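Taking it in order: structure first as structure tokens, then the write-up.
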Amino acid sequence: MEAMQWLTLIVFALTILVVITNWIDSTLAALIGVAVMCWLGIMTETDAFKYVDWNVMAILVGIWIIAGYFGKSGVPSWLSIQALKLSGGRPGFLVIILTFLAGFISMFVDNVVTILMMAPVALPLARALNLKPVPVILMIGFGANFMGTALIIGDLPPQMLHSVAGAEFFDFIWQFGRPSSFPILMVTFLITLAAMWAYGFRGHKRVTDLSSLDVDAHIPNPLFATIVVVWFLGTVVAMSMREHIGVQLGFIAMTGAISLVLVLTLLGDRVKASSFEETIQELDWRAIFFYIALFALVGGLEKSHILDKMAEAMKPIFLENYALGATILYWATVPIVGLVEHDAYILTFLYTIKDLAAAGIEPWPLWWMLLWSGTLGSNLTIAGAPALYVALGLGEKEEGRKVSLREFLSWSVPFTLICASVCYVLGMLIWVLPYTN
């Protein structure tokens with residue numbers, strides 16, 4: 001490689017290392033990395049701005065604004081109470097239902113937001129049913145982190161696939177005559193939940209008198225909750241029709257968010273919603289700036305043609321044995337994203353696979369295998385997914401103690417191995433092997 005390419009790689013690697021070790025704030029580290037690339041002449045400040053996918057940023061901000069109101073509507077709490085009733089007082093079954101509910105919500109809402117929505121009710125339920133809070137909140141964290149890639153809305157990786165490969169809403173359900181992300185991950189999720197129930201949640205004593213538990217299913221303001229849910233569903237439907245509407249997903253998400261704020265403002269005291277200023281302040285601006293910097297950092301790799309060289313090095317493997325190449329990509333990704341920030345890894349290799357496609361290698365099975373392994377593998381440690389860091393912190397606060405790494409891994413390793421193995425089999429059978437000569 002040329003000197004400038006080595007310099008780019010060093011700056012990128014050092015930036016990611018600082019992000020992983022959290023020596024300084026990860027967002028600050030990423031922004032400094034972009035600034036260094038610009039000052040060194042790796043790319044111009046204009047290049048850095050152009051490499052950011054502002055459509056994806058608009059999707060994130062728009063959906064997060066709506067999700068913020070959804071979290072205050074009381075609906076997540078109401079759903080958690082319904083989960084208690086559905087469980088029939090069986091503690092282990094309740095954990096599985098809550099985990100499934102977290103996964104379902106995270107298809108539409110950021111996984112960290114999902115955990116913060118569910119924790120206030122899930123933890124009191126755990127206390128009422130004599131369950132240890134840490135396993136309960138960790139399972140909710142695993143579930144929230146699991147299903148974010150099932151649809152295009154819930155998490156950054158599917159939105160990055162939309163940016164890099166042009167994947168649309170329904171491509172995540174059915175593509176090229178075969179099931180894709182949503183059905184494959186849903187089947188994987190159900191099998192994993194059944195296995196985890198057998199692993200750690202059987203045998204708890206059933207609570208027969210649910211009325212004795214001090215829990216409340218009341219939605220404070222039904223009008224507010226109804227408006228928010230209707231607006232949320234309407235925005236999702238509009239996003240699913242993007243190709244027919246003819247505008248970008250980010251514009252649809254922002255339109256949904258702004259119009260919701262307008263309606264709630266006009267209704268005033270009838271809904272008693274947070275002001276727009278308060279809503280904006282509650283957004284995770286650190287995460288937003290981190291994602292902006294992430295796009296620019298990977299853009300620096302693209303500008304220096306390092307991704308071209310990575311694709312060229314990987315090309316012989318896929319040409320000689322496509323199934324073996326997909327297997328290596330999948331199982332190398334699982335442990336790596338357990339140790340590094342998975343969004344950066346996924347974005348880098350999405351572009352690498354795009355360069356492989358230019359060499360005549362079919363990209364879509366590889367894109368899906370990367371997305372699934374990158375999402376599922378991030379459940380291995382708190383380093384791979386911020387959602388698990390939040391969940392672990394809530395569990396430790398509830399129990400008033402530090403959770404050891406060994407205890408955390410006793411839950412994360414079985415969960416990750418089961419879901420990664422099931423998804424690998426489904427992905428190979430449905431996507432990879434049909435493209436193998």
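Here is how the numbers come out for the structure above:
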| item | result |
| --- | --- |
| Of residues in segment 27-40 being open to solvent by 50 Å² or more (accessible area, probe 1.4 Å) and in contact (Cβ under 8 Å) with a residue 12 or more places away in the chain, the one farthest from Ala344 (Cα to Cα) | Leu40 |
| Looking only at segment 150-176, and only at residues there that are open to solvent by 30 Å² or more (accessible area, probe 1.4 Å), over 17 Å from Trp54 (Cβ atoms) and not aliphatic (A, V, I, L, M), the one that is farthest from the chain's Cα centre (by Cα) | Phe176 |
| Members of segment 357-366 found to be buried (at least 24 other Cβ atoms within 10 Å of the Cβ) and hydrophobic (A, V, I, L, M, F, W, C), listed by number | Leu366 |
| Selection status of Ile184, touching a Cys at 6+ places or on another chain (Cβ under 7 Å) and in contact (Cβ under 8 Å) with a residue 12 or more places away in the chain | yes |
| Residue ID - nearest to the chain's Cα centre (by Cα), chosen from residues in segment 23-47 that are farther than 15 Å from Lys303 by Cα and not in a helix (DSSP H, G or I) | Asp25 |
| Options Ala323, Ala293; residue that is open to solvent by less than 80 Å² (accessible area, probe 1.4 Å) and either within 22 Å of Gly377 (Cβ to Cβ) or in contact with a strand residue (DSSP E or B) (Cβ under 6 Å, 6 or more places away or on another chain) (or both) | Ala323 |
| Only listed residue being under 30 Å from Ile184 (Cα atoms), open to solvent by less than 60 Å² (accessible area, probe 1.4 Å) and not in a loop (DSSP other than H, G, I, E, B), chosen from Trp64, Trp78 | Trp64 |
| Residue in segment 81-93 that is modelled with pLDDT of 85 or more, of a type outside the set (Phe, Trp, Tyr) and open to solvent by 10 Å² or more (accessible area, probe 1.4 Å) present | no |
| Counted residues, segment 410-423 - those being over 13 Å from Ile184 (Cβ atoms) and buried (at least 21 other Cβ atoms within 10 Å of the Cβ) | 3 |
| First in segment 115-138 and surrounded by 19 or more Cβ atoms within 10 Å (Cβ to Cβ) and among the β-branched types (Val, Ile, Thr), second anywhere and assigned to a loop (DSSP other than H, G, I, E, B) and at pLDDT 80 or above, Cβ under 6 Å, 6 or more apart | Val134/Val403 |
| Pairs, first farther than 18 Å from Ala332 by Cβ and part of a helix (DSSP H, G or I) in segment 409-433, second among the basic types (Lys, Arg) and open to solvent by 30 Å² or more (accessible area, probe 1.4 Å), C-beta under 9 Å, six or more apart | Ile430/Arg178 |
| Residue match in segment 334-345 (condition: under 24 Å from Trp174 (Cα atoms) and either touching a Lys or Arg at 6+ places or on another chain (Cβ under 8 Å) or modelled with pLDDT of 85 or more (or both)) | no |
| Out of Ile96, Ile63, Ile24, sole residue that is without any contact (Cβ under 8 Å) to a residue 40 or more places away in the chain and out of contact with any Ser or Thr (no Cβ under 7 Å at 6 or more places or on another chain) | Ile24 |
| Unique match (being free of Cβ contacts under 8 Å to residues at least 40 places away in the same chain and within 22 Å of Gly360 (Cα to Cα)) among Ala313, Ala332 | Ala313 |
| Condition check for Trp54: open to solvent by 60 Å² or more (accessible area, probe 1.4 Å) and over 21 Å from the mean Cα position of the chain (by Cα) | no |
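Per-residue answers, yes or no, for (1) open to solvent by 10 Å² or more (accessible area, probe 1.4 Å); (2) among the acidic types (Asp, Glu):
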| residue | (1), (2) |
| --- | --- |
| Thr352 | no, no |
| Asp355 | yes, yes |
| Met369 | no, no |
| Gly374 | no, no |
| Ala387 | no, no |
| Glu399 | yes, yes |
| Lys402 | yes, no |
| Val425 | yes, no |
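Matching residues to (1) of a type in the set (Ser, Thr, Tyr); (2) part of a loop (DSSP other than H, G, I, E, B); (3) at pLDDT 90 or above:
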{"residue": "Gly148", "(1), (2), (3)": "no, no, no"}
{"residue": "Gly154", "(1), (2), (3)": "no, yes, no"}
{"residue": "Phe170", "(1), (2), (3)": "no, no, yes"}
{"residue": "Thr192", "(1), (2), (3)": "yes, no, yes"}
{"residue": "Asp214", "(1), (2), (3)": "no, yes, no"}
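The values are calculated or read from the model by the stated rules, or taken from the named source; none is laboratory data. Predicted model only: the values in this text are computed from it and were never measured. All Cβ positions, glycine included, derive from the backbone under ideal geometry; neighbour counts span all protein chains shown. Calculation scope for accessible area: heavy atoms of the full protein, side chains included, ligands and nucleic acids excluded. Shrake-Rupley method; radii C 1.70, N 1.55, O 1.52, S 1.80 Å.
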